[in-house]
Amino acid sequence: MPSQIAIGAAVPGCAKVDPILIADNVRRQFGGNVAVDVEHVEIPRGLITALIGPNGAGKTTFFNLLTGFDQPNSGDWTFDGVKLAGVPAFKVARMGMVRTFQLTKSLNMITVMENMRLGAQKQPGESLLRALIKPLWKRNEDAITARAAELLTRFKLDAKSDDFAASLSGGQRKLLEMARALMTQPRLVMLDEPMAGVNPALTQSLLEHIRGLKNEGMTVLFVEHDMHMVRNISDWVIVMAEGKIVAEGPPNEVMKNPAVIDAYLGAHHDSDLGTEKQAKGN
Amino acid sequence: MDLILGNAISWLFQPITAAYALAAIGIALHFGFTGLLNFGQAVFMAVGAYGFSISVKFFGLGFWPAVGVAVIASIAMAFLLGIPTLRLRSDYLAIVTIAAAEVFRFIVSTTSAQPVTGGPQGLNQYSEGFYAMNPIPVGHYKFWVWDFKQDDLFAIAVSWLVVTFFAVLLAILIRSPWGRVIKGIREDEDAVRSLGKNVYSYKMQSLVVGGLMGTFAGILFVLPTSVQPGNYGTTLTFYIWTILLLGGASTVIGSIVGAMIFWSLLSLTGDLLSTGVDNGTITFLTQNQVGAIRFMLVGVALMLLVIFRPQGIFGNKKELYFNA
Amino acid sequence: MNQSIPRSVGRKWLGIVALLFAFLIGGSTAFAATPTPSPTGDVATTFILGGKITDCGVGIPGIKISVTGPGTTANLVTDKKGLWEVQTPTTTRYLKDKFTVTLDKTTLPKDRVLIGTSTRTVVFNMVNSASAAFKLVPIDCGSTSPNQPKAAENPIVVALFNGINFGLMLAMAAIGLSLIYGTTGLSNFAHGEMVTIGALSTWVFNRVLGLDLIPAALLAILIVTAFGYAQDAFIWRPLRKKRIGLTQMMIVSIGLSMVVRYALQMIFGGDTKVLTQGETWSILGISMPAVNVICSALSVVVLVAYSLFLTKTRIGKATRAVSDNPSLAASTGIDVERIIRIVWIIAAVLTGIAGVFIGLYEQAAWDTGFWNLLLIFAAVTLGGLGTSAGAAVGAMIIGLLVELSTLVIPPDLKVAAALVVMILVLLVKPEGVLGKKQRIG
């Protein structure tokens, strides 16, 4: 673990030594409700950051805003120095900021391998005219297939390669979605509840995969309710409540923060930080 | 009886059948592979029919330039329909396409547009340029109960050639990386978007290509007959959908076989009922009601297909194309 | 009406009461091949079929006529002189065949009503002319032509009146469609048939069975309600249980619409059933059929009652909850299936009332609802999918657009104008006039 992540004290919105994503005054209202109102937040590069908070804290909405799947009422944010406000989702993904979804979006009626291939960027065969002439994209397709096969093996999905994604279990779909995201060769991977609905037997391997991403130099930002997982793998934890960032810090310190306990207890009296799985939702 | 049978069998290869098959192939791309609810294929056919025939009759263009005009008009129509709707939920595309088809029909059939479109009477006699290319020697060609003139044979041959061309084109496309993106959009467009694909652009490409198939279908549809504005109502679109679902929406061959089965059965039931009424076997129907019965049969077929065999005759049960 | 086809035989028109069909045998010009191969190898001949529609001796333009027969389907509109004609690509075999000529009664001037059937079957029968007469009422040539009271009326005010009138009727049907869409997600293409059944049943009870208009209308509404309930019970509820997708359901509704529509055509025939004739009232200097004025007033009452129901009663509130979010409503203990049943009944009652009124406004035929379906859909879309208030506002806009557009464009384009406006509104404001802004890709 790097000795220094934040510059100065770990207060909400604190500056980081090497941020990859910086958001300012991002605000999203639904009718009269303010879903997200983040004054300032920075995500440290090359580390695993957890975004936690009670249900309805605005975590997924914040994800959607950052990745261009929803438009904020106001706000600015940059990814590696590039302004992202108003940039459509597909361009955000092309820049190397890829996300997964809370409700897994495996493309059920195409095969696992096709799911994987879809993740690859800059494919010549994806242009309408070049698609008609196979020699123009055959070589690229072979390269993609090789890379996909490698990833599938790593994620232990190689045996399922030619099956429809619909035949996978919930946990396998989560794995597929993550593997597919990696096909885009991202710099920042944003996982929305990677553990939700995953069979406990698969939990450990999922954790290993997420650590693996960090080891390969990627930055990971994930939303999670499972506090064990948060403690286990994250280097930094950001806590949201009622749309705002209420606390930040290394996992062990954040869990002791009274603001965090308040936020959770205020929302759910039966919450037990770190000992019980939270009900899924948001 | 031979006549009725001959008539029904002849619908297997009529140019009209080919035209419906091609229009259905276009919807297969739109709906079966991209998930776009195009309920206005009639408008693309009408654009083909009118774009071509007006170019010939009103602007005096030759066959090929007239086809070119129809193609350009078709692409323009796809953009016109796609720009406002492809970013919206799928039901918006459905209502806008169906409305656009009706608007187009109203405009071409208004009496004020008569000098150009022929108004409610439509247009005819624009096919000389087409038949001038006919290499088949003049004469009557008789097979069984059929009697074809050289032009009939030419129209049949060209129609099916065009259908084959587009069927092969679609088959190649959907097996390419382009087709992969398209199918991904059908499954979940947000997922595809999150992988860096410009979903809007792909939907537009699909709309344009499938619309072009509709436009060529429209030209094939009117080459051997005449342009009648009344033909381009919602019923035309619903017939094409029935054909598509009959064969299987996520298949290419399904549209072709679907069109053949659809027209043969429609002809057979119509002729049998008509004959029955004529010779007094069927007493509970009048000749006018026979027409209504045929439409009812199409409706029943559509309902049963969608409920009990949504994948169609040739579809793969696993590759169900309906999302909730 | 200029035909490019040369004719070798001269033409003559037979003038009969109000409308006539004359048939003339044309020259043997080569006509494009018919879609059906000629099985007998008969000599191809072109026939010209035409006629003139007159009212008090003056040709009426813009009346829609459709002709169907072997090898022929044509939709025509009478020209400035009230003339229409069509060529029938055919063979002599078809001389024995019947042609059906149908007059679209909705395109008749508002104050003219067709008596009896609007369909004529004509047999060529080897003769070169045949005719059929249509009678229009009220034919009051004496008072309308010389005095011209209509000329004094401001056309804008007349169009405004008609627009409000039509919009109010459309509103009830649109709310019905929108309610069902809101609670079940179904875009019901068979909704137009509920309108038709409302209009046709009124005709049956009133004109065939001789009941007074009010009991006839009430019975008609009852029939539509039963139809709506049955539709949900026997088709949509089982399909919901089967977890059939919404797109599939929508296509099923298209099939259902065809089945019901053509069943109605089989039962009632292709002609228009006359429901109204009767006194006209003069309001603000505009003479309006009394029944339309009453219908408008009743529509307002119904709409107000409905909005009170929706906002004040428990069932109404539950309905809105289900329509906002069915799964959330279910989790708060609302019996969603029960609400859906109630919604179908309410929707059917509203649509039934709309059907009766539309029947009284533009007469009843087997395809009355079908022609109005797209306008109903447009109203719902324009107002923002799935909200009642939106559907009502959308319907008023569509109703006014349809009638007001006739001031500037030809009447046969009035529906087109309304649909174009709908598309343009979607371009600028995709969520509809009153719709909730939602996340769109």
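Per-residue Karplus couplings for the range C:239-256, computed as 6.51 cos²θ - 1.76 cosθ + 1.60 with θ equal to phi - 60°, are listed in order as 5, 5, 4, 6, 6, 7, x, 5, 5, 4, 4, 4, 5, 4, 5, 5, x, 4 Hz, Gly and Pro entered as x.
Excluding A:Ile43 itself, calculate the net charge of residues whose Cβ lies under 14 Å from the Cβ of A:Ile43, where each Lys or Arg counts +1 and each Asp or Glu counts -1.
Numbers: positive: A:Lys16, A:Arg45, A:Lys59, A:Arg99, A:Arg187, A:Lys214; negative: A:Asp18, A:Asp24, A:Glu42, A:Asp80, A:Asp235, A:Glu248.
Overall, the nearby charge balance is 0.
For the range A:110-167, the share of accessible area belonging to carbon and sulfur comes to 58 percent (1.4 Å probe, ligands and nucleic acids excluded).
Considering all alpha-carbon pairs of the range C:369-423, what whole percent are spaced by more than 12 angstrom? When every Cα pair of the range C:369-423 is considered, 59 percent fall beyond 12 Å.
Under a 5 Å amide H cut-off, with hydrogens placed 1.01 Å from N, C:Val274 pairs with C:Gly116 among residues at least 5 apart or on other chains.
Counting, for every residue in C:198-208, the Cβ atoms of other protein chains within 10 Å of its Cβ and taking the mean gives 0.
From most to least packed by mean Cβ count within 10 Å, the peptides A:107-113, A:80-86 give A:107-113, A:80-86.
With a 1.4 angstrom probe, the accessible area lost at the B-C interface totals about 6000 Å².
Per residue, chain A exposes 41 Å² of solvent-accessible protein surface, assessed with a 1.4 angstrom probe and all protein chains in place. Excluding the site residues themselves, the longest part of chain A lacking any GluC sites (Glu not before Pro) in a DSSP loop with at most 14 other Cβ atoms within 10 Å is A:1-215.
Relative to the longest principal axis of the Cα atoms of chain A, the long axis of helix A:135-154 lies at roughly 50 degrees. Per-residue shielding of C:387-399, expressed as the average number of other chain Cβ atoms within 10 Å of the residue Cβ, stands at 0. The residue among B:Ala94, B:Gln150, B:Thr225 whose Cα reaches farthest toward the positive pole of the charge dipole of chain B, with charges on the beta-carbon of Lys, Arg, Asp and Glu, is B:Ala94.
Counting only helical runs of four or more DSSP H residues, what would the 222 nm mean residue ellipticity of chain A come to if each run contributes -39,500 (n - 2.57) and the total is spread over all its residues?
Value at 222 nm, helices only, nearest 500: -10000 deg cm²/dmol.
Charged side chains reduced to their Cβ positions (Lys and Arg at +1, Asp and Glu at -1) give the range A:110-167 a dipole of some 220 debye around its Cα centre.
Probing with 1.4 Å while keeping every protein chain in the model, the per residue accessible area of the range B:12-232 equals 29 Å².
Using the Kirkwood radius built from alpha carbon pairs, what does the Stokes-Einstein equation give as D for the range A:110-167 at 10 °C and 1.306 mPa s, in µm² per second?
133
Taking amide H as placed 1.01 Å from N in the peptide plane, the amide H of A:Phe30 sits under 5 Å from that of A:Ala35, each at least 5 places away or on another chain. Of the chymotrypsin sites (Phe, Trp or Tyr not before Pro) in the range B:125-216, the ones in a loop by DSSP (not H, G, I, E or B) with at most 16 other beta carbons within 10 Å are B:Trp144. In summary, the aspartates and glutamates within cross-link reach of C:Lys414, defined as a Cα separation below 13 angstrom excluding same-chain residues under 8 places away, comprise B:Glu102, C:Glu403.
The values are calculated or read from the model by the stated rules, or taken from the named source; none is laboratory data. Computed from a prediction, not measured in an experiment: that's the story for all the values here. Using ideal geometry, Cβ is built from the backbone for each residue, glycine included, and neighbour counts are taken over all protein chains shown. Side chains are part of the model used for accessible areas, which takes the heavy atoms of the whole protein and leaves out ligands, DNA and RNA. Shrake-Rupley method; radii C 1.70, N 1.55, O 1.52, S 1.80 Å.
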